[in-house]
Amino acid sequence: MANEKEQIIGTWKLVSVMYEDQATKALTPIMGDNPRGFQIATKDGRWLALATPSGRKAPETDDERARAFRTMIAYSGRYRVDGSTITTKVEAAWNESWVGGEQVRHIRFEGDKLYIESPPMPHPNMYGKTVRVIVVWQREA
């Protein structure tokens with residue numbers, strides 16, 4: 001079995017995104033039952049993640065564009081793996097406040113699935129509510 005640093009390399013298709021409310025512990029499939037997205041980790045340390053909810057329509061108004069922006073997650077940068085922790089130094093993101101900072105996540109592998117979990121944090125898409133984000137990815141063949 002390869003270590004986490006080797007296992008993370010590749011292209012992963014989004015399976016689910018759950019937000020765990022830290023006040024109530026309620027789990028919400030925030031991007032619906034069939035979200036779309038990919039996470040790519042290259043051998044040389046480049047990271048790209050994009051997640052969008054199921055059922056999105058092309059926005060036509062400013063309000064619809066703002067809603068589309070609020071319902072997605074996208075960021076990229078250089079990553080490093082230390083055991084079961086992956087840290088991405090964000091170089092570009094849908095949320096400009098992440099740029100220049102680091103996103104730290106816990107990773108684990110089960111077969112061809114990758115589980116990525118954030119520490120509890122105020123989430124910009126949840127108007128500052130503190131959530132833990134649990135994302136499941138399926139390795140692309």
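Would you check which residues across segment 1-23 are under 15 Å from Q39 (Cα atoms), of a type in the set (A, V, I, L, M, F, W, C) and part of a strand (DSSP E or B) and list them?
W12, L14, V15, V17
Quick one: G100 ticks every box in (1) open to solvent by less than 50 Å² (accessible area, probe 1.4 Å); (2) of a type outside the set (D, E, K, R); (3) not in a loop (DSSP other than H, G, I, E, B) bar one, so which box is it?
So G100 meets the others, but not (3).
Pick from segment 6-25 the residues that are small (G, A, S) and either at pLDDT 90 or above or open to solvent by less than 50 Å² (accessible area, probe 1.4 Å) (or both): which of them is farthest from P122 (Cα to Cα)?
Kept after step one, since they are small (G, A, S), are these residues of segment 6-25: 10, 16, 23.
Then drop every residue that is not either at pLDDT 90 or above or open to solvent by less than 50 Å² (accessible area, probe 1.4 Å) (or both), which leaves 10, 16.
Numbers: G10: 29, S16: 20 Å.
Here the answer is G10.
Rundown of residues vs (1) surrounded by 16 or more Cβ atoms within 10 Å (Cβ to Cβ); (2) aromatic (F, W, Y); (3) under 26 Å from K5 (Cα atoms), yes/no style:
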site: A51; (1), (2), (3): yes, no, yes
site: R65; (1), (2), (3): no, no, no
site: D82; (1), (2), (3): no, no, yes
site: I86; (1), (2), (3): yes, no, yes
site: A92; (1), (2), (3): no, no, yes
site: K129; (1), (2), (3): no, no, no
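As an exercise: evaluate M31 against (1) open to solvent by less than 10 Å² (accessible area, probe 1.4 Å); (2) in a strand (DSSP E or B) and give the number of the one condition it does not meet.
For M31, the exception is condition (2).
The values are calculated or read from the model by the stated rules, or taken from the named source; none is laboratory data. The structure displayed is predicted, hence computed values, not measured ones. Neighbour counts run over all protein chains shown; Cβ positions are idealised from the backbone, glycine included. Keep in mind that these areas ignore ligands, DNA and RNA; they rest on the heavy atoms of the full protein, side chains included. Shrake-Rupley method; radii C 1.70, N 1.55, O 1.52, S 1.80 Å.
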